Amino acid sequence: MKFGVVVFPGSNCDHDTYHAIGTVLGQPVEFVWHQSEQLENFDAIILPGGFAYGDYLRTGAIARFSPVMRAVARFANSGGLVLGICNGFQILLEAGLLPGAMLRNTGLRFICRQVHIRVENVLTPFTSAARPGQVLKMPIAHSEGNYFCDAATLAELERSEQIIFRYTTADGREDLAANPNGSLANIAGIANRERNVVGLMPHPERAVEAALGSADGLVILRSLVESLVRRAEPEPARMRPAAVAARVPA
């Protein structure tokens, strides 16, 4: 398997993501420059956090026109796994690969701190290693993380179980204080209908080692690795989850 980490002008979490995949999890990973349209040799694509094109106009508004995003759309439409983290999530929204939009944080300030998110759906390639309702601790760092959509879209997200992560307290309760940016319905991350594209505002790549304050981000990244392992195995082997887990570094 091979991971691709897209690099836009202004990306600043690309090396963090590369380290998490390549060094911590020991998986093959390469940078993909934003002008490239060649994604055929990759099994998963990650759009990292940062400030693509300086976040001019609005977050992700210019990055969506990068040549690589045409390739990402084709990759996703063919079933490839795509993860957008923070600015990457914003770009996926602007590109129409995920529904909804991002508004400024309700306090109109940049927020950088640890938060807790609850896993709402474990039936995705990005959460299969999680327990239902598991609460993960990881950092956020954004000014525009206030997720919004219209009532019909929210109803569809709920009905189709496309809300993957919600902001909560450490013990998993939803309340106003646990929502750092005013995000609608405490939404921290969503998936497309096919569940092969996921975006979230918290940074799993910044929570992969105890020295960082949390290693909970590995739940998401290990899920992704394990899902790719299962995809590569013959059908009978997919019934042996223990064999899959043994291949992923603890």
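What to note about this one:
- Only a single item in (1) among the hydroxyl-bearing types (Ser, Thr, Tyr); (2) more than 23 Å from residue 142 (Cβ to Cβ); (3) at pLDDT below 95 is not met by residue 78, and it is number (3).
- Residue tally, condition touching a residue at least 24 places away in the same chain (Cβ under 8 Å) and not in a helix (DSSP H, G or I), over the stretch 42-80: 17
- Subset tally (residues that are over 19 Å from residue 126 (Cβ atoms), buried (at least 19 other Cβ atoms within 10 Å of the Cβ) and not hydrophobic (A, V, I, L, M, F, W, C)) for the stretch 35-54: 2
- When residues in the stretch 151-176 are screened for being within 20 Å of residue 138 (Cβ to Cβ), over 20 Å from the mean Cα position of the chain (by Cα) and among the charged types (D, E, K, R), 4 of them pass.
- You will find that of 177, 152, the residue that is at pLDDT below 95 and either in contact with a helix residue (DSSP H, G or I) (Cβ under 9 Å, 6 or more places away or on another chain) or farther than 14 Å from residue 105 by Cβ (or both) is 177 and no other.
- Considering only residues in the stretch 102-120 that are in a loop (DSSP other than H, G, I, E, B) and not hydroxyl-bearing (Ser, Thr, Tyr), the one that is farthest from residue 182 (Cα to Cα) turns out to be 120.
- Odd one out for residue 29, checked against (1) of a type outside the set (S, T, N, Q); (2) in contact with a His (Cβ under 7 Å, 6 or more places away or on another chain); (3) under 20 Å from residue 125 (Cα atoms); (4) free of Cβ contacts under 8 Å to residues at least 60 places away in the same chain: (2)
- Exactly one residue among 157, 136, 98, 83 is in contact with a strand residue (DSSP E or B) (Cβ under 9 Å, 6 or more places away or on another chain) and assigned to a helix (DSSP H, G or I), and that residue is 157.
- Some residue of the stretch 25-34 being out of contact with any Gly (no Cβ under 7 Å at 6 or more places or on another chain) and more than 19 Å from residue 224 (Cα to Cα): yes
- Out of 144, 158, one residue alone is within 19 Å of residue 11 (Cβ to Cβ) and surrounded by fewer than 22 Cβ atoms within 10 Å (Cβ to Cβ). It is 144.
- From the list 149, 86, 112, the one residue that fits, being in contact (Cβ under 8 Å) with a residue 12 or more places away in the chain and surrounded by 22 or more Cβ atoms within 10 Å (Cβ to Cβ), is 86.
The values are calculated or read from the model by the stated rules, or taken from the named source; none is laboratory data. Bear in mind the structure is a predicted one, so any value in this text is a computation, not a measurement. Cβ coordinates were reconstructed from backbone atoms using ideal geometry, including for glycine residues, and neighbour counts include every protein chain displayed.
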